[in-house]
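The values are calculated or read from the model by the stated rules, or taken from the named source; none is laboratory data. What you are looking at is a predicted structure, and each value in this text was computed from that prediction instead of being measured. Note: ideal-geometry Cβ built from the backbone for every residue, glycine included; neighbour counts use all protein chains shown.
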Amino acid sequence: MYDDDIVRNFTRLLARQGLKIETGAKVTGFKSDVGGVPSPRSGILTAERDGKKLEFPADKVLVAVGRRPYTDGLGLDRAGVQLDEKKRVKVDAHLRTNVPGIWAIGDVVAGPMLAHKAEDEGVAVVETIAGQHGHVDLDTIPWVVYTSPEIAWVGRTEQQLKQSGQAYRAGTFPFAANGRARALGDTNGMVKCLADANTDRVLGVHIIGPMASELIAEAVLAMAFQASSEDIARVCHAHPSLSEATKEAALAVDGRALNY
């Protein structure tokens, strides 16, 4: 789901913090005894990669292997509600199931398993029931990773655009060149803006750095109104502020960044 540039930056910054990243390894077990002596506070995590056994000393192991929809035991089969191959409730564009009067939202339907997405879906369902025009655009749902530094993004990644064959232009701007980030002493990261090569419509924005979870809201709003990178670039942003990095990234799409 992450843009490749963000992954490279994030990996480098985590390594600088002292974290060691091991990818492509399958965890095979955990031994809670070290040297034959049981210990409640330490152990050995065992793994395997390319046929080679790996061992990692560990005090704690956090297992986070993804999520699945919680639809078991809800009696959906008795109600006649259809599920898909991933046990998610099948819904139409207005979140209606195949059974009249039954709607579904949130983690049990397709789309990102995010609280704010579920909230918007709940509002949309109530609006539709009330005869209004409830709608949720899954393409403009913001994603956030609450690490240090934070990661946030909306829309498509550069690799997705390449795979689809869509012509695009990209602009990036580092927080190292942002006055507010320098004043905060937090200059790690960057803002990346992706726009259609022909229409300049914003296709995705990716941020890694200070307050990324807050900065992404501007990009979401821009995409919701089908704004161009030029639109973002021409909006006056307060100085000094972190949001200037978003403006600069939009300017960089056309090679016109002011401060880098």
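Laid out as a table, the results:
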{"read-out": "Entirely in segment 108-221, the strands (runs of 3 or more DSSP E) that have 1 or more residues that are of a type in the set (Asp, Glu) and either surrounded by 19 or more Cβ atoms within 10 Å (Cβ to Cβ) or outside the structural domain of Leu242 (by TED's automatic domain parsing) (or both)", "value": "150-155"}
{"read-out": "Leading residue by the ranking (surrounded by the most Cβ atoms within 10 Å (Cβ to Cβ)) among those in segment 16-40 that are modelled with pLDDT under 65 and part of a loop (DSSP other than H, G, I, E, B)", "value": "Ser39"}
{"read-out": "Number of positions in segment 222-260 that are assigned to a loop (DSSP other than H, G, I, E, B) and among the aliphatic types (A, V, I, L, M)", "value": "6"}
{"read-out": "Residue among Cys236, Cys193 that alone is within 23 Å of Trp143 (Cβ to Cβ) and not small (Gly, Ala, Ser)", "value": "Cys193"}
{"read-out": "Among the residues listed as Arg234, Arg201, Arg169, Arg182, the single one being touching a helix residue (DSSP H, G or I) at 6+ places or on another chain (Cβ under 7 Å) and among the basic types (Lys, Arg)", "value": "Arg169"}
{"read-out": "Enumeration of residues in segment 67-89 that are part of a loop (DSSP other than H, G, I, E, B) and of a type in the set (Gly, Ala, Ser)", "value": "Gly73, Gly75, Gly80"}
{"read-out": "Every residue from segment 91-107 that is closer than 19 Å to Trp143 by Cα and not in a helix (DSSP H, G or I)", "value": "Ile105"}
{"read-out": "Yes/no for Trp143 being of a type in the set (A, V, I, L, M, F, W, C) and over 17 Å from the mean Cα position of the chain (by Cα)", "value": "no"}
{"read-out": "Condition broken by Ala64, with the remaining ones in (1) closer than 30 Å to Pro174 by Cβ; (2) assigned to a strand (DSSP E or B) satisfied", "value": "(2)"}
{"read-out": "Residues within segment 55-107 that are among the charged types (D, E, K, R), surrounded by fewer than 10 Cβ atoms within 10 Å (Cβ to Cβ) and touching a residue at least 12 places away in the same chain (Cβ under 8 Å), tallied", "value": "4"}
{"read-out": "Residue that is farthest from Cys193 (Cα to Cα), among those in segment 225-254 that are exposed (fewer than 13 other Cβ atoms within 10 Å of the Cβ) and in contact (Cβ under 8 Å) with a residue 24 or more places away in the chain", "value": "His239"}
